[in-house]
Amino acid sequence: MRPWERKAHIELTATPILTLFRRHSSNIHLIMSAKLRRSFMHNWFAVEAIPMWTVVSFVVVGGTWYLARLARGPNIVWTKANPTPWNNIQQDETPKILTVNQKFDKKWSREKL
């Protein structure tokens, strides 16, 4: 459907609803709110914006996850009960995300934040 045909189609389908609202003068705010809502949804949910929203959400979620992971690392001291948590890493544990050509039995994790 071409853009100018789509607009005419929307106006034709909305006409019976608008005439129903025009019978009652007290419901004029419903007509205006429907027009505002239609305008808002048309501008808010643009098909061209979907990839942008996807990328932005992925970046925000990934950045939040990475900052939370950094905050739980062995070189950050949150409690004074254990001022040197990096000394508690055993020989068969790794605190890294990715280890290339190395085999560790378990992954290091902090007991409490």
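Side notes on the structure shown:
- The range 56-88: number of residues that are surrounded by fewer than 10 Cβ atoms within 10 Å (Cβ to Cβ) and either farther than 21 Å from Lys107 by Cβ or hydroxyl-bearing (Ser, Thr, Tyr) (or both): 4
- Flag if Thr19 is modelled with pLDDT of 70 or more and out of contact with any helix residue (DSSP H, G or I) (no Cβ under 9 Å at 6 or more places or on another chain): no
Here is a yes/no grid of residues against (1) out of contact with any strand residue (DSSP E or B) (no Cβ under 7 Å at 6 or more places or on another chain); (2) part of a helix (DSSP H, G or I); (3) modelled with pLDDT of 80 or more:
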site	(1), (2), (3)
Asn27	yes, yes, no
Phe40	yes, yes, no
Asn43	yes, yes, no
Val55	yes, yes, yes
Val60	yes, yes, yes
Leu67	yes, yes, yes
Gln102	yes, no, no
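The values are calculated or read from the model by the stated rules, or taken from the named source; none is laboratory data. Since this is a predicted model, take the numbers as computed values, not measurements. Cβ atoms come from the backbone with ideal geometry, glycine included; neighbour counts cover every protein chain shown.
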